[in-house]
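Below is one structure, written out as structure tokens; comments come after it.
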Amino acid sequence: MEKRAVRVFLDSNVILSGLISDKGAPRIILDILSLGLPFITGVTGRYNLIEIERNLKKKAPDVLPAYRHYFPKMNLTIAPLPSAEEVRRYAGHLSEKDVPVLVSAIKAKADFLVTGDKKDFGKLKVSGDYPCVIVNPAEFLEAILPAIIKGDKAQ
């Protein structure tokens with residue numbers, strides 16, 4: 001039986017950080033996803049894309065062309081916007097603006113939710129009550145790099 005690819009959900013801040021800087025864990029993650037490796041699938045949410053484009057237009061419009069050029073190369077699957085009912089189900093777990101991110105990752109059947117948002121997602125990392133492991137970009141790389149080097153799925 002063939003193993004399922006590891007599904008990694010990227011929060012908006014990881015994608016933005018990886019686009020803006022050519023160094024660091026977020027950029028390495030984007031570069032890995034750009035390789036099209038068969039044992040890792042990148043995912044983000046429609047909600048995240050709306051947030052990314054809104055932030056780029058407002059704070060860094062000069063980065064928009066790079067985003068539009070580089071985004072298709074990341075090979076990301078896009079999770080649809082969560083319904084109001086799905087968002088209500090997780091209300092109170094973290095800040096209101098981040099609930100759609102969590103719901104999108106869960107709906108996408110992500111193994112990892114990678115976020116740089118320590119403040120809002122930090123307490124969720126501790127609880128471990130979610131079907132995906134919530135990690136920061138460096139923690140994700142620590143988990144996945146051995147598998148990439150071996151050419152196999154991360155455990």
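This table checks each residue for (1) modelled with pLDDT under 95; (2) not aromatic (Phe, Trp, Tyr).
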| residue | (1), (2) |
| --- | --- |
| ILE50 | no, yes |
| LYS59 | yes, yes |
| LEU64 | yes, yes |
| PHE71 | yes, no |
| ALA91 | yes, yes |
Being farther than 29 Å from ILE149 by Cβ and touching a Pro at 6+ places or on another chain (Cβ under 7 Å) narrows it down to one residue among VAL63, VAL14, VAL114, VAL87; which is it?
VAL87
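Please count how many residues of segment 1-24 are farther than 23 Å from PRO131 by Cβ and under 14 Å from the mean Cα position of the chain (by Cα). Outline the logic, then answer.
We begin by selecting, within segment 1-24, every residue farther than 23 Å from PRO131 by Cβ; these are 16-24.
With the extra rule that they be under 14 Å from the mean Cα position of the chain (by Cα), the set shrinks to 16-19.
Looking only at that region, the number is 4.
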Restricting to segment 90-110, give me the number of residues that are in a helix (DSSP H, G or I) and exposed (fewer than 14 other Cβ atoms within 10 Å of the Cβ).
2
Report, ordered by the first and then the second residue, all pairs with beta carbons closer than 8 Å, sequence separation of six or more or different chains, a first member in segment 127-148 that is within 21 Å of PRO38 (Cβ to Cβ), and a second member that is modelled with pLDDT under 85 and aliphatic (A, V, I, L, M).
ALA143/ALA154; ILE144/ALA154; PRO146/ALA154; ALA147/ALA154
With outside any helix (DSSP H, G or I) and on the phi > 0 side of the Ramachandran plot as the only criterion, which of GLY42, GLY36 stands out?
GLY36
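Here's the yes/no breakdown for (1) touching a residue at least 12 places away in the same chain (Cβ under 8 Å); (2) in contact with a Lys or Arg (Cβ under 6 Å, 6 or more places away or on another chain):
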{"residue": "SER12", "(1), (2)": "yes, no"}
{"residue": "LEU19", "(1), (2)": "yes, no"}
{"residue": "LEU37", "(1), (2)": "yes, no"}
{"residue": "LYS59", "(1), (2)": "no, no"}
{"residue": "MET74", "(1), (2)": "yes, no"}
{"residue": "LEU81", "(1), (2)": "yes, yes"}
{"residue": "VAL99", "(1), (2)": "yes, no"}
{"residue": "SER104", "(1), (2)": "yes, no"}
{"residue": "ALA108", "(1), (2)": "yes, no"}
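Restricting attention to segment 111-152, and to residues there that are part of a loop (DSSP other than H, G, I, E, B) and of a type in the set (Ser, Thr, Tyr), which single residue is modelled with the lowest pLDDT?
The selected residue is TYR130.
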Can you find a residue that is farther than 17 Å from LEU113 by Cα, surrounded by fewer than 17 Cβ atoms within 10 Å (Cβ to Cβ) and among the charged types (D, E, K, R) anywhere in segment 37-49?
no
Please find, within segment 69-86, the residue that is farthest from ALA105 (Cα to Cα) out of those that are over 18 Å from the mean Cα position of the chain (by Cα) and part of a helix (DSSP H, G or I).
HIS69
Determine, yes or no, whether VAL63 is more than 16 Å from PHE140 (Cβ to Cβ), surrounded by 15 or more Cβ atoms within 10 Å (Cβ to Cβ) and aliphatic (A, V, I, L, M).
yes
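The values are calculated or read from the model by the stated rules, or taken from the named source; none is laboratory data. Values in this document were obtained by computation on a predicted structure and should not be read as measured data. When we count neighbours, we look across all protein chains shown, and the Cβ atoms used for this are built from the backbone with ideal geometry, even at glycine.
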